[in-house]
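Read the figures in this text as sums done on the coordinates, not as results from a lab. None of the values given here were measured: they were computed from a predicted structure. With ideal geometry, Cβ positions are generated from the backbone for all residues, glycine too; neighbour counts draw on all protein chains shown.
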Amino acid sequence: MTIDLRVLGELKRACGDLTTAREELLLYSFDATKIKHTPDCVLFPRSTKEVTGVVNICARHGIPVTPRGAGTGYTGAAVPVQGGVVMDFVKMNRILRIDHNAMYVEVEPGIVNAELGKELAKHGLFYPPDPASLKSSTIGGNVMTGAGGPSAVKYGVTRDYVMGLTAVFMDGSVVETGIKCVKGAVGYDLTRLLVGSEGTLAIITKIRLKLVPMPKTVVTAMAVFDDRRVAVNAVTEILRARLVPRTLEYIDRTAIRCVEEYLRAGLPVDAGGMLLAETDGDPGPAMREMEGIKAICEKLGARSFTIARDTAEAQAFWKVRRSISVSLNRLRPSKINEDVTVPRNRIGELMDRLDELSRRTGLPIVNFGHAGDGNIHVNVMTDASNPKEYEVALKAVDEILHITLELDGTLSGEHGVGLAKMPYIEKELGTACVEISKRLKKAFDPAGLLNPGKIFP
Ligand SMILES: Cc1cc2nc3c(=O)[nH]c(=O)nc-3n(C[C@H](O)[C@H](O)[C@H](O)COP(=O)(O)OP(=O)(O)OC[C@H]3O[C@@H](n4cnc5c(N)ncnc54)[C@H](O)[C@@H]3O)c2cc1C
C-alpha cells in the first residue's frame, strides 16, 4: 500500500519523528529471517500519547501498523507484510522506576535486555530471562515473543516475569493491565494473554517486570561425553537428582567441530557431545550443587568435567556456546533454524530421529541449545540458492515439526510463530483452538490492522 501525502502530514503531526526515505525503509523490511516486505513509513514514538495518536490515524485510514523492537526475531513477526506503518520503539527505552521494596522495575519497551541487566546489577537486582540476543533485543520484543534463554531451567522465561503492561489498542484505548504485588486474582489475565501475542493484539508502551535478588555466585562447568546419548541422558539424571542447575546447554558433535574450526580453542572434536552447566546462589551451596552435577556426569561416563576456576574460564566456555550459530556457515551457506521443544526425557528420541533424517536427506542437521528445558535449536543446513536442495531442506523441516508433535513437544519454545511457523500451528493447536484465537484477535482488532498476516493462516 502507499500512504498519501495528506495522511503522512497527519502522522507527522501525531509523531514528529518519521521517515519515508527508501534506504531507511529497507532497514525495516526484514528481521533475522530472510523474509522481506518494505513498509511505507517508519515512526519513532516517544510516548504513549504519540502511539495513541498514530493508532487513531491508522485506524481511521485503514493503514496497517507493525510494532518493532530490534528486529532480531527468528520468525518474521516484525516484518510488515502488508506495508503501512512500522513503529520502532528505539526512542522509548527508559527505565521509569525501580521499586526495591516491591521488587519490580518499570521500563519502556525499547530498552535493550542487557542494558536493563547492567543497570539492575548496580542495585543488586536480577531480571533472569537471557535470550542469546540479549545485547541487541529489546524487552518489548522479548515480552511480545515470550523469549527464553539458558537460565530458564531454574528461573523460567519472560512470561514468568511480566507483572503488568500499558497497552494501546487499535480503537485508541489505553489499558493498564496486571498488578504491583506478588499475586492477584481479579478478572481475566490480560497481561498473560498479551505476552507472546507478537504485536497482533495491542501495542505495548510500558512494562512492569518482577525482579529477584542478584545471586552472589555463578559456578560454570563444561562436561565432555564420548557418546551423545549419554550427554542427553545426563540432563534427565541431573534433574531427577533434585539438583537445580541454572543452565544446562547441549552442544552436539557437528557444532563442536564447527566451533573448533572457527575459534581454534582446542575443543575435543572427537567427542559425541558436550554440556555447559551452571549453578548459582550462595558460594557454598552453588559449588555443592555443581559437585552433585559432576558426580552424576562422571558416574555416567563423562570423559571430562571441568569447573571454571575464574570468570575468564567461564567466559571461554560461554564463548564456545555463543559461537555455534556463526560457525555453522562452514557446513552450508544457509540454515533453517527451528526451536522445537520436547519433554526433557524425550530429547534422546528426538536426536535419534534427527540423525536418521540427516542421513536420509544428506543434509547436515546440527543440534544445540537449552537441553535443560527440552528446547533444542535444530539447524537444517542447506544452500538456499540451490532450489532442489532447498526444497529437500523445507521438507526436512516439515518432518522435524511432525516428529516434535509426535514426541508430545511444541513447535516453538521461545521464538514464536510469526510467518515462519504459521502453516503448522493448526497441527499443534487444533482447529477449535485456532478458531477461538482468531475470534479473540477480531475482538481486539476488528479491522485486522495490527501486525496483520501473522500467527494465523
Ligand atoms: C543471534 C540470535 C540469538 C537469539 N537467541 C534467542 C534466544 O536465546 N531466545 C529467544 O527467545 N530468542 C532468541 N532470538 C530471537 C529474538 O532475539 C527474540 O525473539 C527477541 O525477543 C526479539 O526481540 P526484538 O527486540 O528483536 O523484537 P522484534 O524482532 O523487533 O519483534 C518481535 C515481535 O515483537 C513485536 N513487538 C516489538 N515491540 C513491540 C511493542 N512495543 N508492542 C507490541 N509488539 C511489539 C513485534 O511486532 C514482533 O511481533 C535470537 C535471535 C538472534 C538473531
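The range 1-31 and the range 85-141 have Cα centres lying 27 Å from one another.
Here the chain is treated with +1 on each Lys and Arg Cβ and -1 on each Asp and Glu Cβ, and its dipole about the Cα centre works out to around 620 debye. Comparing 262, 187, 14 along the charge dipole axis of the chain, the residue lying farthest to the positive side is 14, per the Cβ-charge model. Taking label positions 7 Å along the Cα-Cβ direction at both residue 237 and residue 136, the computed distance is 3.9 nm, reported to one decimal. Taking the charge dipole of the range 51-110 about its Cα centre, with +1 at Lys and Arg Cβ atoms and -1 at Asp and Glu Cβ atoms, the residue from 77, 66, 100 reaching farthest to the positive side is 66.
In debye, nearest 20: dipole of the range 5-88 around its Cα centre with unit charges on the Cβ of K, R (+) and D, E (-)?
Here the range 5-88 has a charge dipole of around 160 debye.
Counting lysine pairs in the range 95-213 that sit 8 or more residues apart in sequence, or on different chains, and whose Cα atoms lie under 17 Å apart gives 7. The range 379-397 and the range 146-200 have their alpha-carbon centroids 37 Å apart. The magnitude of the dipole of the range 327-457, with charges of +1 and -1 set on the Cβ of Lys/Arg and Asp/Glu and taken from the Cα centre, is near 340 debye. Residue exposure proxy: 57, 139, ordered by other Cβ atoms within 10 angstrom of their Cβ from fewest to most, comes out as 57, 139. Among 37, 365, 377, flag the residue with its Cα farthest along the positive direction of the charge dipole of the chain, charges on Cβ as +1 for Lys/Arg and -1 for Asp/Glu. Highest projection toward the positive end goes to 37. In a DSSP loop and with at most 10 other Cβ atoms within 10 Å, the trypsin sites (Lys or Arg not before Pro) in the range 228-264 are 242, 264. Along the Cα-to-C-beta direction of residue 193, a point sits 7 Å from the Cα; which residues of the range 441-457 have their amide N less than 14 Å from that point? Flagged as within label range: 441-446. The label-point distance for residue 435 and residue 126, in a model that sets each label 7 Å from Cα toward Cβ, rounds to 4.7 nm.
Would you mind ranking 15, 181 so that the residue whose beta carbon has the fewest other beta carbons within 10 Å leads the list?
Fewest to most other Cβ atoms nearby, the residues stand as 181, 15.
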